[in-house]
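Colleague: Below is the structure I would like to discuss, written out as structure tokens.
The values are calculated or read from the model by the stated rules, or taken from the named source; none is laboratory data. Treat the numbers as computed from the prediction; the structure is a model and nothing was measured. Using ideal geometry, Cβ is built from the backbone for each residue, glycine included, and neighbour counts are taken over all protein chains shown. Areas reflect the complete protein model, heavy atoms only, side chains present, ligands, DNA and RNA absent. Shrake-Rupley method; radii C 1.70, N 1.55, O 1.52, S 1.80 Å.
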Amino acid sequence: MINRNTLLSKCETAFEFAGRQLEHLVTTHPDFFPMYTRQGKWKHGGEAWTNWCEGFLGGQLWLMYQHTGQEIWRQRAEHYSRLIEHRKSDRAVHDLGFLFWSTWKRWYDVTGDTAVNQVLIEAGQTLALRFKEKGQYLRSFVADDSLFIDIMMNVGIIFYAAQQTGDDALWRIANQHCLTTRRYLVRGDGSTSHEGLFNTETGAFIRQSTHQGWRDDSSWARGLAWALYGFGTAYYFSRDARFLATAQACAEYYIEQTPDHGVPPNDWAEPNPPYPYESSAAAIAASGLFNLARLTTDPTRAWLYRDYALRILDTLTGPEFLAIDTPGWEGILKHGIYHQRKGLGVDESTMWGDHFFLEAVAKAIKALGETS
Ligand code: GLY
């Protein structure tokens, strides 16, 4: 049973600690965009695999500003957001939602500045250029024939650009991408595949596959967390009940499969995983569950999702996961995994883990305040 006052205090402590870690990062390594730590240090020569993380530092700085109201965080947040503006026309990655929703969207929410909004719209328009008519999906950074579950976290920016501009073609692309992902990457039990491969000549679906999970037919935990959160966002924009049902199925799979502390391994199917935790998946799931608790029309589910999200955060704000008692560790949240097969960022802090952890902690503080 969670003690809500204790959890509130742990969440406040986590924010204060995050402020210290972020201050250290931006003053020690100015204008550097880390991805994952190596033995707790952000700066190292490790491989990136793909460039998808450059919004998560600015995103955390905006979250610090929203939490504290202190001008210094806003200045830093604007600075790190501006540093990635040129990525609005980046056609090499499928991650423009990650980059711009975390940063420029928060900037726009704070200011209502139409020039800021225009950058968001352009990023959404660029992402839509990845759409494959044959197959009806946004292609991953890997190849034309590849659809990733991760793109569900990015497609929201296309819905947004469509809504802002009234462009029906953009709306169709976002909607079709979600329907294709739902059909081929989400299974009947709510588990998800990381990747779908298509015949680029005919558009026919060929098979499920994975890069970061255990097996092609298993469920990589972070991928499932991306789907849980991303289908919730798709429902938020479209109000298409199929997307809410899909998000709920993913949420329920996560809850059924994960130990009571709320933190999954890298993939639920891996026998005796050498590292028992993928904390970034837990942080993403917690934040997505807070969203779903507001989106669902079923009060029992709303209670379950909020309660489970709080349970995850009770674990993540504890000494095993919060790096507060680990001298010299530069990240916020320990025990994340980036790419287990490639040996990148295994049992480390990650920029997205820290970002979604802080986002979820901010939501928990709000939820605990509403119900206390
Ligand atoms: N490439 C996105 C992820 O590792 O989750």
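Colleague: So, in the stretch 194-222, exactly how many residues are within 16 Å of the ligand (Cβ to nearest atom) and of a type in the set (Asp, Glu)?
Modeller: Of the residues in the stretch 194-222, 1 are within 16 Å of the ligand (Cβ to nearest atom) and of a type in the set (Asp, Glu).
Colleague: Let me ask something else. Could you tell me which numbered condition LEU368 fails, if it satisfies all but one of (1) in a helix (DSSP H, G or I); (2) within 16 Å of the ligand (Cβ to nearest atom)?
Modeller: Condition not satisfied by LEU368: (2).
Colleague: Turning to a different aspect of this structure: Filter the stretch 145-173 down to the residues that are open to solvent by 10 Å² or more (accessible area, probe 1.4 Å) and assigned to a loop (DSSP other than H, G, I, E, B), then identify the one that is nearest to GLY223 (Cα to Cα).
Modeller: ASP145
Colleague: Also, I was wondering about something else. Out of the residues in the stretch 323-357 meeting the condition of being of a type in the set (A, V, I, L, M, F, W, C) and crowded, with 21+ Cβ neighbours inside 10 Å, tell me which one is farthest from GLN248 (Cα to Cα).
Modeller: Out of the qualifying residues, it is ALA323.
Colleague: Related question: Could you check, for the stretch 300-312, whether at least one of its residues is touching a His at 6+ places or on another chain (Cβ under 7 Å), closer than 30 Å to ALA241 by Cβ and open to solvent by 10 Å² or more (accessible area, probe 1.4 Å)?
Modeller: No, because not a single residue in the stretch 300-312 is touching a His at 6+ places or on another chain (Cβ under 7 Å), closer than 30 Å to ALA241 by Cβ and open to solvent by 10 Å² or more (accessible area, probe 1.4 Å).
Colleague: Continuing with the same structure: Examine the stretch 273-296 for a residue that is open to solvent by 40 Å² or more (accessible area, probe 1.4 Å), acidic (Asp, Glu) and in a loop (DSSP other than H, G, I, E, B), and state whether such a residue exists.
Modeller: The answer is no; no qualifying residue exists.
Colleague: Among the listed residues ALA225, ALA309, ALA251, which satisfies the condition of being more than 16 Å from the ligand (Cβ to nearest atom) and closer than 25 Å to TYR36 by Cα?
Modeller: ALA309
Colleague: Here is a further query. Do we find that GLU270 is outside any helix (DSSP H, G or I), touching a residue at least 40 places away in the same chain (Cβ under 8 Å), over 16 Å from the mean Cα position of the chain (by Cα) and more than 16 Å from the ligand (Cβ to nearest atom) in this structure?
Modeller: yes
Colleague: On to the next question. Every residue in the stretch 1-47 that is open to solvent by 60 Å² or more (accessible area, probe 1.4 Å) and of a type in the set (Lys, Arg), please.
Modeller: Residues satisfying the conditions are ARG4, ARG20, ARG38, LYS41, LYS43.
Colleague: Separate question: Pull up the stretch 1-56, narrow it to residues that are touching a strand residue (DSSP E or B) at 6+ places or on another chain (Cβ under 7 Å) and in a helix (DSSP H, G or I), then point me to the one that is farthest from GLY318 (Cα to Cα).
Modeller: Only one residue tops the list, namely PHE17.
Colleague: OK, next. THR233 versus (1) of a type outside the set (A, V, I, L, M); (2) within 15 Å of the ligand (Cβ to nearest atom); (3) within 24 Å of ALA161 (Cα to Cα): which is the lone unmet condition?
Modeller: (2)
Colleague: Moving to a separate point now. For the stretch 301-322, indicate whether the set of residues that are in contact with an Asp or Glu (Cβ under 7 Å, 6 or more places away or on another chain) and not in a loop (DSSP other than H, G, I, E, B) is non-empty. Show your work before the answer.
Modeller: Kept after step one, since they are in contact with an Asp or Glu (Cβ under 7 Å, 6 or more places away or on another chain), are these residues of the stretch 301-322: 319.
In the following step, the residues that additionally are not in a loop (DSSP other than H, G, I, E, B) were identified as none.
So far as the stretch 301-322 goes, no, none of its residues is in contact with an Asp or Glu (Cβ under 7 Å, 6 or more places away or on another chain) and not in a loop (DSSP other than H, G, I, E, B).
Colleague: May I ask you to list the residues in the stretch 174-203 that are open to solvent by 30 Å² or more (accessible area, probe 1.4 Å), among the hydroxyl-bearing types (Ser, Thr, Tyr) and under 19 Å from TRP214 (Cα atoms)?
Modeller: Hit for the stretch 174-203 is TYR184, nothing else.
Colleague: Quick check, is LEU120 open to solvent by 40 Å² or more (accessible area, probe 1.4 Å) and aliphatic (A, V, I, L, M)?
Modeller: Judged against the criteria, LEU120 is not a match.
Colleague: Looking only at the stretch 58-99, how many residues end up being under 18 Å from the mean Cα position of the chain (by Cα) and within 16 Å of the ligand (Cβ to nearest atom)?
Modeller: Adding up the residues that qualify gives 8.
Colleague: For the stretch 145-191, name all the residues that are under 22 Å from ALA281 (Cα atoms) and away from the ligand (no atom under 16 Å from the Cβ).
Modeller: Within the stretch 145-191, CYS178, ARG182, TYR184, VAL186, ARG187, GLY188, ASP189, GLY190, SER191 meet the criteria.
Colleague: Quick one: VAL142 ticks every box in (1) away from the ligand (no atom under 16 Å from the Cβ); (2) part of a loop (DSSP other than H, G, I, E, B); (3) open to solvent by 40 Å² or more (accessible area, probe 1.4 Å) except a single one, so which number is it?
Modeller: Just one mismatch for VAL142, condition (1).
Colleague: Considering the stretch 101-123 alone, what residues qualify as being under 17 Å from the mean Cα position of the chain (by Cα) and more than 16 Å from the ligand (Cβ to nearest atom)?
Modeller: Here is the first cut: in the stretch 101-123, the residues under 17 Å from the mean Cα position of the chain (by Cα) are 101-106.
THR103, TRP104, LYS105, ARG106 - these are the residues of the stretch 101-123 that are under 17 Å from the mean Cα position of the chain (by Cα) and more than 16 Å from the ligand (Cβ to nearest atom).
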